[in-house]
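A short worksheet on the structure shown next.
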Amino acid sequence: MTNHWVDIKNANLIVVMGGNAAEAHPVGFRWALEAKTRNKAKILVIDPRFTRTASVADYYAPIRTGTDITFLSGVIRYLLEKGAYNKEYTLAYTNAALLVNPDFAFNDGLFSGYDAEKRKYDKASWSYQLGEDGFAKRDDTLVDPRCVINLLKTHVSRYTPEMVETICGTPKDAFLKVCEYIAETGAHDKTTSFLYALGWTQHSIGSQNIRTMAMIQLLLGNMGMAGGGVNALRGHSNIQGLTDVGLLSQSLPGYLRLPSEKETTLETFLEATTPKALADGQMNYWQNTPKFHVSLMKAFWGDNATAENSWGFDWLPKWDKGYDVLQYFEMMNDGKVNGYFCQGFNPVASFPNKNKVVASLSKLKFLVVMDPLVTDTSTFWKNHGEHNDVDSASIQTEVFRLPTTCFAEEEGAIVNSGRWLQWHWKGADAPGEAVTDVEIVAGIFSKLKALYAKEGGAYPEPIMKLSWAYRDAHDPKAEELAKELNGKALADIPDPKKPGEFLAKKGEQLPGFAALQDDGSTMSACWIFAGSWTQAGNQMGRRDNADPSGLGNTPGWSWAWPANRRILYNRASNKPDGTPWDAKRTLIKWNGEKWAGIDVPDFKADEPPGSKMAPFIMQAEGLGRLFALDKMAEGPFPEHYEPFESPIGTNPLHPKVVHNPAARIFKKDAEQLGSKADFPYAATTYRLTEHFHYWTKNVLLNAIAQPEQFVEIGEGLAKEKGIAHGDMVKVSSKRGYIKARAVVTKRIRTLKVNGQDVHHVGIPIHWGYEGVAKKGFLANTLTPFVGDANTQTPEFKSFLVNIEKA
Amino acid sequence: MQVSRRQFFKLCGGGMAGTTVAALGFTPGVALADTRSYKLLRASETRNTCPYCSVGCGILMYSLGDGAKNAKSEIFHIEGDADHPVNRGALCPKGAGLVDFIHSPNRLKYPEVREAGSNEFKRISWDEAYSRIARHIKADRDANFVQKNADGVTVNRWLTTGFLAASASSNETGWLTQKFVRSLGMLAVDNQARV
Ligand code: SF4
């Protein structure tokens, strides 16, 4: 979230799309209801199902799964055509006026630069026209046809209300009603908050779903505003934090990345990762990348990282491509992987095409599972009848199952959706011999290091040189690790503004990331966490809930990254001249010398209003991007592509390019895609309020609350197939089947799409073969092994099934 | 004087028995059931965060056991943290069942191994678990570590073993995991955010 949970109460309009907050994030959703009761806000829900969120909404519009880009592009078209957006904001704070490379084009579903063989784009033309000064050219009169906003107008012109109805199945008048609600918040003193979750991410076009909404928020002038923003409601309690610390194939902490094998030296790597400003007078904050990177290397390797060895550059692995989980299970299935660790992760349940996942794990030499609970993954080798029909004796994988503590038995910080790092404390001892994940990792590492010390082996340097300065090498404490994440001064750090004074003295915890250096005199494992554990102590443990402004900003409660800032881009809550767009929502003000207010300014503190510096300080041109340059895999503007399994089998916009042309799909998985002839129904998976993913099938109270697996279908489909409420049904895809009770409901209606009827089948995910709940089938037996072109997040929300009475 | 249930216990925690507090006139607005209040009075209260979804609701955990060396402390009650700015004491049906998560009959208690081809787990010691896993890692890494790619560029990567990091473990755990996996040269690293 660029904003935070409580801030939702400041919105005038709350659009829930690609999520079902009332059920999946129930307590957070109370702030949407608070907006409704206190702020007279309206709630809109756009979803294939009439969800519990829809039941408290002011307006509900149905939509076919997988067609959100069409709907939202239709909204953009409406806003631009009616002029119902914040024009001043759009001109000053977005790249609307910047001129695009003359070679950039879009024809028949493809952008310029497509290589059909590689299913990839050469993105050279997805760029600005640069002047001689190296800065992007702009035309503030917006007359030049190459202005971003003019290209955008042309791009979205195809998304008429009629086209929206054809593709999405949303009746035209319902779509226009939603447009009217959204357009009202283009006013300076009105904001929309969009709440979304996995209903937007789990598509082959997931990232562009979100981008299309973010573009609407830019046009409405809602970024940086209280009650606005882009608000991802993340699924798990700390996937935000684990992403912040860079636990993704090509990442490092703090949104830095690992060098690729093309970056053969530290210099070429820093050159590639440190952006040059694209406009005059911009902050371009990523220009500090070398400081963040070198400080991270000092956290990795301690005194062993020196200027002479390029801060241990050779000790980092260099990638040739991403090894995301789909790529890796493909390799595993091909027999190219020997070992795998699952730390609090249940891939048999969580990854697509469960039968492929089990077959892949069966080819491993060893699997290590660390978890507080029994997971389906830990017993993948066991025959559970129809639910997991395997032959144990033929599975040669050695499986270690290691018991860990759960939240109640350990301390540390987790990051909620609002980027708050909330420290928690231990309240009980762990059962049996369970220990923390940290102790397990340290235990394995200590043994391994001893083996390398004794026997030598393949390139032991990075193992031997890894900094491990913990009081107990076998059990590093959360406090020690948290202090490393914040970082400390390794030498006295002079204050450049006040000669004779210091930002930090040698050995002190750093006050924030502004103190970081690129000469090895600071260490910090995650620059965006700098400030979380300072000389003043653990800021994440703070529990002052005072809200002096009444806007729900509680700066004394825990600590938010970055710099305890609660609303990102908050400079944009003011006009270029420094006056707020809406005085009731004043977050920061210019006091004649610097910016100050109820939030930490997201701007150069002493940069006066009216200067050239624009508010999106992480961008090289300082502007929000309606045109994404080369940052997306499938194009700088969002375009609708059908799910890889489409119930209409065509793309009404461009029948020759049906699916995302930049999405990766492996050959064997492409062969396992079903067609609408055999699997005519659009399926989507989702969560129930009584359960949490695959954990709570181990929890008695939740198992009692929702004991038995079911699927939801509409009355139309039920009638067609002769299925009655409560019947057992078999739901199958090209990849496998599940059996469950049928819930026949009015909540899912038949949609008219591209001249045909489309029925949806709703599939809650919470059952499996392990747990205290009644055994069930893993829903991911059905789902396709294909992901978003940018993130490789699997397409769990849109695929094809058949359904029949079991 | 209006005293909330939590303030009431704080007052009580100041050394006075509940009845004495009431006698002094600090009676809470809502009467409390005796049995419940006495159990809570002996409890320690610990602040934590719901480990399920990303709302990050604050919780208060009540445990018995005074932290003495050989006494195991155990949680018997969890409720929403009334001071928390987001949940203000509320929990959803997931968070409301957290005690049953902690005490799930499916909690793992001992390190175990399932040998190749076997049909069951057997209990092992931590030392055996660490030793055997370290041996597996070393054998695979030594056999398959790639120091240079086909062009002779130093790449120092190890692709035949991968690591999935958790979705609810702490940042601190995540950082140690990050150090561990990269020092070994692993690239097949992901967390739950991927899916
Ligand atoms: S109590 Fe419910 S809403 Fe709150 S964090 Fe837990 S799962 Fe999320």
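Roughly how many percent of the accessible protein surface of chain A is carbon and sulfur, given a 1.4 Å probe and a whole-percent answer?
Working: 13680 of 26670 Å².
Here carbon and sulfur together make up 51 percent of the probe-accessible area.
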*Area accessible to solvent at A:M728, 1.4 Å probe radius, in Å²*: 70 Å²
_Helical mean residue ellipticity (222 nm; -39500 (n - 2.57) per DSSP H run of 4+; nearest 500) of chain A_ = -6500 deg cm²/dmol
*How many percent of the accessible area of region B:44-195 is carbon or sulfur, using a 1.4 Å probe?*
48 percent
*Using a cut-off of 21 Å between alpha-carbon atoms, which lysines can reach A:K298, once sequence neighbours fewer than 8 places away in the same chain are excluded?*
A:K318, A:K449, A:K465, A:K477, A:K483, A:K488, A:K505, A:K506, B:K179
*asked:* Just to be sure I understand the model, the point goes 7 Å from the Cα along the line to the Cβ. What's the resulting A:D757 to A:K118 distance in nm?
replied: 4.7 nm
*Could you work out the mean projected area of the convex hull around the alpha carbons of region A:254-343, in square nanometres to one decimal?*
8.4 nm²
*A:R119, A:R64, A:R146, ranked by accessible area, largest first (probe 1.4 Å)*: A:R119, A:R146, A:R64
_Solvent-accessible surface ranking, highest first, for A:S55, A:S446 at 1.4 angstrom_ = A:S55, A:S446
*Evaluate Rg over Rh across region B:42-102, taking Cα atoms for both radii and Kirkwood's formula for Rh.*
1.01
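May I ask you to derive the relative contact order of region B:42-102, considering only C-alpha pairs under 8 Å and at least 6 residues apart, and to give it as an integer percent? Before the final figure, lay out the partial values.
Values: 109 pairs, mean separation 16.9, N = 61.
Taking the mean separation of contacting Cα pairs over the length of region B:42-102, I get 28 percent.
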*Mind ordering A:122-133, A:685-696 by average Cβ neighbours within 10 Å, highest first?*
A:685-696, A:122-133
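If you take the Cα Rg of region A:85-162 and divide it by 2.2 N^0.38 Å, with N the number of residues, what do you get? Kindly include the intermediate steps, with their values, before the conclusion.
Working: Rg = 14.3 Å, N = 78, 2.2 N^0.38 = 11.5 Å.
Ratio of Cα Rg to 2.2 N^0.38 Å: 1.24.
Using a 10 Å cut-off around each Cβ of peptide A:312-322, what is the average number of partner chain Cβ atoms that fall inside? Walk me through the numbers before you get to the answer.
Numbers: counts 1, 1, 4, 4, 6, 15, 9, 4, 8, 1, 3.
What the average comes to for A:312-322 is 5.
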*Which of the listed residues, A:P460, A:P608, A:N304, is farthest toward the dipole's positive end in chain A, when Lys, Arg count +1 and Asp, Glu count -1 at the beta-carbon?*
A:P608
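Tell me the per residue accessible area of the protein assembly as shown using a 1.4 Å probe; a whole number in Å² is fine.
Details: 34480 Å² over 1001 residues.
So the protein assembly as shown comes to 34 Å² accessible per residue, rounded to a whole number.
Counting only DSSP beta bridges with both residues in region A:238-387, what percent are antiparallel, rounded to the nearest 5? Working shown, then result.
Working: 2 of 8 bridges.
That works out to approximately 25 percent antiparallel.
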*Would you work out the relative contact order for region A:688-806, in percent, from Cα pairs under 8 angstrom that are 6 or more residues apart?*
32 percent
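Using only atoms on other chains, find how many Cβ atoms lie within 10 Å of each Cβ of peptide A:65-74 and report the average.
Working: counts 0, 0, 0, 0, 0, 0, 0, 0, 0, 0.
Mean partner-chain Cβ count within 10 Å for A:65-74: 0.
Sort A:L700, A:L91 by heavy-atom solvent-accessible area, probe 1.4 angstrom, most to least.
On the way: A:L700 85, A:L91 55 Å².
Largest accessible area first, the list is A:L700, A:L91.
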*Return P(r) of region B:145-195 (all Cα-Cα pairs; 5 Å bins starting at 0; whole %; ordered from short to long distances).*
5, 19, 25, 20, 14, 9, 6, 2, 0
*asked:* Solvent-accessible area of A:V438, probe 1.4 Å, all protein chains present, reported in Å² to the nearest ten, please.
replied: 10 Å²
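Looking at region A:667-805, what % of its DSSP beta bridges pair antiparallel, to the nearest 5?
Values: 19 of 29 bridges.
For region A:667-805, the DSSP antiparallel bridge percentage is about 65.
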*Once the Cα atoms of the protein assembly as shown are picked out, what are the Rg and Dmax in Å?*
27.7, 85
_Proximal lysines relative to A:K775, as straight alpha-carbon distance under 19 Å, when same-chain residues fewer than 8 apart are discounted_ = A:K354, A:K382, A:K697, A:K730, A:K739
*With each label point set 7 Å from Cα along the Cα-Cβ vector, what nm distance links A:Q129 and A:E508?*
5.2 nm
*Given Cα pairs under 8 Å that are at least 6 residues apart, what percent is the relative contact order of chain A?*
16 percent
*Looking at region A:667-805 from every direction and averaging, what is the projected area of its Cα convex hull in nm²?*
9.2 nm²
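Could you run the numbers on buried accessible area between A and B, total for both chains, 1.4 angstrom probe, in Å² to the nearest 100? List each step's numbers first, then the result.
On the way: alone 32600 and 14380 Å², together 34480 Å².
Separately minus together, A and B give about 12500 Å² buried.
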_Convex hull projection area averaged over all views, region A:187-268, Cα basis, nm²_ = 7.7 nm²
*So, in Å, what gap is there between the alpha-carbon centers of region A:293-370 and region B:94-158?*
12 Å
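Please compute, for peptide A:16-23, the average count of beta-carbon atoms on other protein chains lying within 10 Å of each residue's beta-carbon.
Counting other chains' Cβ atoms within 10 Å and averaging over A:16-23 gives 1.
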_Multiplying the sequence separation of A:E461 and A:T268 by 0.36 nm and subtracting their Cα-Cα distance, what value in nm do you get?_
67.2 nm
_Taking only Cα atoms of region A:476-540, radius of gyration then Dmax in Å_ = 11.2, 38
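The values are calculated or read from the model by the stated rules, or taken from the named source; none is laboratory data. Note that the structure is predicted; figures quoted are calculated from it, not measured. Cβ: placed from backbone, ideal geometry, glycine included. Neighbour counts: every protein chain shown. Keep in mind that these areas ignore ligands, DNA and RNA; they rest on the heavy atoms of the full protein, side chains included. Shrake-Rupley method; radii C 1.70, N 1.55, O 1.52, S 1.80 Å.
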